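Just so you know, all these numbers are worked out from the coordinates, no wet-lab data involved. Because the structure is predicted, anything quoted here is derived from the model rather than measured. With ideal geometry, Cβ positions are generated from the backbone for all residues, glycine too; neighbour counts draw on all protein chains shown.
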Amino acid sequence: MNQELKNIGSTTMTVKEIVDILNNEAKLAFERGDYDEIPNPLVHRDALRTLKVLESKQSFGLGAEITTPIISGKGREQNITTYQLNKRQSIALAARLSVDLHMAIIDRWQELENQQSKLPANYISALEALVVSEKKKEQLKLERDTAIKTKAEINNKKTATAMNTASQKSKEVNKLKIELDQSKQYCTIKRMEMVNHGQKFNWRLMKKAGLELGIAPIDVYDANYGTVKAYHKKCLVESLCINNRRWS
């Protein structure tokens, strides 16, 4: 995927931009009530794998490999490798990544094309527009560098105290998790799989068993998901019976 783009005009879109636009659209869709919960965010490396599959088709063409700077979650600038795509390629990739959200990429292309149509026709105006654009970029860079510097100057004592408090809270949460998972009457799916050396348990069968026995699951804390369902030990026995009946 390291060949240069050809005959795509001056406007392109990177895979990283596509991922960011789709993830932002997912949040907006959730706020509008289109989803009951925010969809799992798209990951740049997964999008690159999807792009590689599309590039295997001659009709899709090849993207241009570039290196672009991003700001990490820790406020540090780092370079990542991504790919530039033309309008046709970017829409195709977006549709493959998310059928529900890819209209956001089409809308973004409409914005880019409207901006291009407003470019000055004469050379002097074009240079003036370029100067204004570069000044805006410098201002944004200055604001970004100032934000990074400010963050780096946070009081070390307060930071250490906050980290120690977070560590203590984490220990308390882990202790509570262990106590809940070791309950003699209720147990999470994760705990059952650990105790049974990786054997998989179907939560749907556990739920069905609970309904038949009239024993409702309880919510317990989970470090990854906030809360998960814990099922009574009788549900485990009954779910195995249900599974046997299904295959008998």
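Tabulated data for the structure shown
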{"read-out": "Packing-based ranking, highest mean first, of 191-199, 39-47 given that Cβ atoms within 10 Å are counted", "value": "39-47, 191-199"}
{"read-out": "Other-chain or far-sequence residues with amide H under 5 Å of residue 66's (modelled H)", "value": "82, 83, 84"}
{"read-out": "Packing-based ranking, highest mean first, of 25-32, 93-100 given that Cβ atoms within 10 Å are counted", "value": "93-100, 25-32"}
{"read-out": "Of 27/136; 207/233; 208/233, those spanning more than 18 Å from alpha-carbon to alpha-carbon", "value": "27/136"}
{"read-out": "Fewest-first sequence of 67, 161, 188 by Cβ atoms within 10 Å of each Cβ", "value": "67, 161, 188"}
{"read-out": "13 Å reach of a label modelled at residue 53, 7 Å along Cα-to-Cβ, counting backbone N of region 75-109", "value": "93-99"}
{"read-out": "Area projected by the alpha carbon convex hull of region 13-118, averaged over all directions, nm²", "value": "8.0 nm²"}
{"read-out": "Highest-first arrangement of 14-22, 226-234, 51-59, where packing means the average Cβ count within 10 Å", "value": "14-22, 226-234, 51-59"}
{"read-out": "Electrostatic dipole magnitude of region 13-118 [Cβ: Lys, Arg +1; Asp, Glu -1; Cα centre; debye, to 20]", "value": "420 debye"}
